[in-house]
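Read-outs: derived from the displayed coordinates by stated rules, not from any lab. All values derive from a computational prediction rather than experimental measurement. Heads up, the Cβs are rebuilt from the backbone with ideal geometry, glycines too, and the neighbour counts pull from every protein chain shown.
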Amino acid sequence: MRQFFLALACAAISIPAFANTDYRDGWNAENFYESVNFCRKSIVFPQSQDFITQAEKNGESPDVARNKAIKMSPAFDKIVTDVCFCTVNEIARDNSPGAFPDSVDIQAYMGIPRCKSAMEAAVQNVMGDKRKLRELMLP
């Protein structure tokens, strides 16, 4: 598996588009990935709670609603992953890692057309295909 990632990294280095991305000092692969995970959690957890609240309003018991939300978490995560990578990528170009998340308007970065398009495409990809949605749900 490690060889796969090494080959992927070597291939990426040869792509000219990568040379044009300048991140602020202090960013590295680890804190970048941690920031993406923070972004994902900050969306997925509230989304799960909204799902539970709506299910309960529709007559589901709290226990059934909670179980459904857990089963849906891979679908929620799949939707937010692309937008979070896009968002953190843009944040890392403009801000030092110490500024994230406290001094950064994450919603504004999510509204950048490229990141907004990533979210819309992910929603359509997951929610627009019932078979794919079922495959993503935990058994």
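Here are some notes:
- Computed FRET value (nearest 0.05) for K68 with Y33, which takes r as the C-beta separation and R₀ as 41 Å: 0.90
- Look at M127, M119 and count the other Cβ atoms within 10 Å of each Cβ; fewest to most, that gives M127, M119.
- Length available on full extension from S117 to Y23: 0.36 nm per residue minus the Cα-Cα distance, which gives 31.6 nm.
- Where only alpha carbons of region 23-136 are counted, the Rg and the Dmax (Å): 15.8, 51
- Exceedance of the 18 Å cut-off in Cα-Cα distance is limited, within the set K41/K132; K78/K116; K41/K71; K57/K130; K78/K132, to K41/K132; K57/K130.
- Sites S103 and L133 - FRET efficiency at Förster radius 30 Å, r taken between beta-carbons, to 0.05: 0.25
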